[in-house]
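Notes for the one structure printed next.
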Amino acid sequence: MMRNNHTEEEILLDRVGVDYISSLIKRWLNECRVNKRDNLRVQLAMEDQLLNISEHFEGKVKCAFVADKRFGVPYIFIKYEGECFDQSSDFELSEKLLANLGLTPQWSYQNGVNTLYLRAPRKPLKSEV
């Protein structure tokens, strides 16, 4: 569902679903005006993490994908039900790559729900300010 730069969808996290979410992330990054080279890096890093989730749950888990703005800052929120699946140790490289671009995904688990939150990088303040 698309509404004034707000996207909210429930997607089966199989290979097709991961490709679709990857395209949504690419569109979101374009709207956030992330440069093309960094856009591709973020898209591939997120796709890598989503593929690992898909493989762990054998492509049978549905996730809620939300792209929106809060206080003018764009963010992505992905949540899915299931056992606690901490992938921080498996994706050290992806997380370092995203952190170098100013994007730090936040993973959490609470009451049977895994969540991934990713906020767009802040624009640097102009020196005149």
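Overview of values
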| read-out | value |
| --- | --- |
| Selection from the range 41-55 of residues that are hydrophobic (A, V, I, L, M, F, W, C) and either in contact (Cβ under 8 Å) with a residue 12 or more places away in the chain or within 15 Å of Asn114 (Cα to Cα) (or both) | Val42, Ala45, Met46, Leu50, Leu51, Ile53 |
| Failed condition for Ser127, given (1) among the hydroxyl-bearing types (Ser, Thr, Tyr); (2) out of contact with any helix residue (DSSP H, G or I) (no Cβ under 8 Å at 6 or more places or on another chain); (3) at pLDDT 80 or above | (3) |
| Scan of the range 75-102 for residues that are assigned to a loop (DSSP other than H, G, I, E, B) and either at pLDDT 80 or above or β-branched (Val, Ile, Thr) (or both), ordered by number | Gly82, Glu83, Cys84 |
| Lone unmet requirement of (1) at pLDDT below 90; (2) small (Gly, Ala, Ser); (3) closer than 22 Å to Tyr109 by Cβ for Gly72 | (3) |
| Tabulated pairs, the range 1-16, first modelled with pLDDT of 75 or more, second surrounded by fewer than 13 Cβ atoms within 10 Å (Cβ to Cβ), C-beta under 6 angstrom, 6+ apart or interchain | Glu8/Met1 |
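The values are calculated or read from the model by the stated rules, or taken from the named source; none is laboratory data. As the structure is a computational prediction, the values presented were derived from the model and not from experiment. FYI the Cβ positions are ideal-geometry reconstructions off the backbone, even for glycines, and counts take in every protein chain you see.
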